[in-house]
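Peer 1: Provided herewith is a single structure, encoded as structure tokens, for subsequent inquiry.
Every number here is computed from the coordinates shown, using simple stated rules; none is lab data. Computed from a predicted model, the values in this text were never measured in an experiment. Positions of Cβ are backbone-derived with ideal geometry, glycine not excepted, and every protein chain shown enters the neighbour counts.
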Amino acid sequence: MRRKLVVGNWKMHGSRPANADLLSALRGGRPYTATVAVCVPFVYLSETAATLAGSDIHWGAQDVSAHAQGAYTGEVSAAMLAEAGCRYALVGHSERRALHAESDMLVAQKAQAALACGVTPIVCVGETLAERESGLTEAVVKRQLSAVIHQLTHCAAEMVVAYEPVWAIGTGLTATPEQAQAVHAVLRAQLQAATGHGQTMTILYGGSVKPDNAATLFAQPDIDGGLIGGASLKASDFIAICRAAH
Ligand code: PGA
């Protein structure tokens, strides 16, 4: 049986006082049956680490450089994330693919850089509304995942995958549990075929997960938890979603 995982993605939100409140509420909400983590802006990693130290809640970053070190102004390496105690790094979030033109290959290289430093990449895949309406959902997510599988080769089973339909992110539109499950089953079959470990790998759903829809989504056989954006910023909502995962 796979243990559920719930990851908050704060995106570019937060402030020191707000983070302190949110993180202590999250700490106070323990115990959770699921594994819980928050992916915060880089500058907040050390205070997040300080607040969560000694708890079983993990933290991570929202991006990572594909490069190990060097003249890459503005980038943050996986070794730095490891030093900051990061368990996870999001890679290939649709906002980065769209706003920063991240290619499948770059996303794959970032995933590899993270793993090389012991940071688990949470690889985000997902189709746009136009792609879904053209019947391309499967082809798109398989292509995105395939690039990472090929790059990671024998380590591919160590990644976490997050299916996030672009049309459901921040829009209030959620994939129905059936729509999400269908894509998760495709991804799991692809992971199984490529790594032989598909049955033990974690596949998260993300896109307008809220306290009132989390339990139904998480009850689907191939949905192992969630990647939570907007609702991870409100302690009571995020805690409710974490509790819905068991
Ligand atoms: P949302 O974002 O929950 O606000 O839709 C999810 C994400 O982008 O990871």
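Peer 1: Of the residues that sit in segment 216-236 and are surrounded by fewer than 24 Cβ atoms within 10 Å (Cβ to Cβ) and within 10 Å of the ligand (Cβ to nearest atom), which one is nearest to ALA20 (Cα to Cα)?
Peer 2: Checking each candidate, the answer is LEU233.
Peer 1: Search segment 208-225 for residues that are free of Cβ contacts under 8 Å to residues at least 12 places away in the same chain and pair each with any residue that is among the acidic types (Asp, Glu) and surrounded by fewer than 17 Cβ atoms within 10 Å (Cβ to Cβ) when their beta-carbon atoms are under 7 Å apart and the residues are at least 6 apart or on different chains.
Peer 2: none
Peer 1: Let me ask another. If GLN62 satisfies all but one of (1) touching a residue at least 40 places away in the same chain (Cβ under 8 Å); (2) more than 16 Å from the ligand (Cβ to nearest atom), what's the number of the condition it fails?
Peer 2: (2)
Peer 1: So, of the residues in segment 27-57 that are within 16 Å of the ligand (Cβ to nearest atom) and not in a loop (DSSP other than H, G, I, E, B), which turns out to be farthest from VAL76 (Cα to Cα)?
Peer 2: VAL36
Peer 1: Quick one: in segment 1-26, of everything that is charged (D, E, K, R) and in a helix (DSSP H, G or I), which residue is surrounded by the fewest Cβ atoms within 10 Å (Cβ to Cβ)?
Peer 2: ARG16
Peer 1: On the given criteria, is HIS13 closer than 20 Å to LEU115 by Cα and touching a residue at least 24 places away in the same chain (Cβ under 8 Å)?
Peer 2: no
Peer 1: From the list THR153, THR171, exactly one residue is surrounded by fewer than 17 Cβ atoms within 10 Å (Cβ to Cβ) and either within 16 Å of the ligand (Cβ to nearest atom) or within 22 Å of ARG96 (Cα to Cα) (or both). Which is it?
Peer 2: Result: THR171 is the single residue among THR153, THR171 that is surrounded by fewer than 17 Cβ atoms within 10 Å (Cβ to Cβ) and either within 16 Å of the ligand (Cβ to nearest atom) or within 22 Å of ARG96 (Cα to Cα) (or both).
Peer 1: For ALA185, state whether it is within 23 Å of ALA130 (Cα to Cα), away from the ligand (no atom under 15 Å from the Cβ) and among the aliphatic types (A, V, I, L, M).
Peer 2: Yes; evaluated as a whole, the condition is true for this residue.
Peer 1: A further question on this structure: Could you grab the pairs with beta carbons closer than 6 Å, sequence gap of 6+ or different chains, first residue in segment 85-108 and closer than 19 Å to VAL166 by Cα and part of a loop (DSSP other than H, G, I, E, B), second one within 14 Å of the ligand (Cβ to nearest atom) and not β-branched (Val, Ile, Thr)?
Peer 2: The qualifying pairs are GLY92/CYS124; HIS93/CYS124; GLU102/ARG96.
Peer 1: Restricting attention to segment 115-130, does a residue exist that is assigned to a loop (DSSP other than H, G, I, E, B), hydroxyl-bearing (Ser, Thr, Tyr) and within 14 Å of the ligand (Cβ to nearest atom)?
Peer 2: Among the residues of segment 115-130, at least one is assigned to a loop (DSSP other than H, G, I, E, B), hydroxyl-bearing (Ser, Thr, Tyr) and within 14 Å of the ligand (Cβ to nearest atom), which makes the answer yes.
Peer 1: Testing LEU129 on (1) touching a residue at least 40 places away in the same chain (Cβ under 8 Å); (2) at negative phi, one condition comes back false. Which one is that?
Peer 2: (1)
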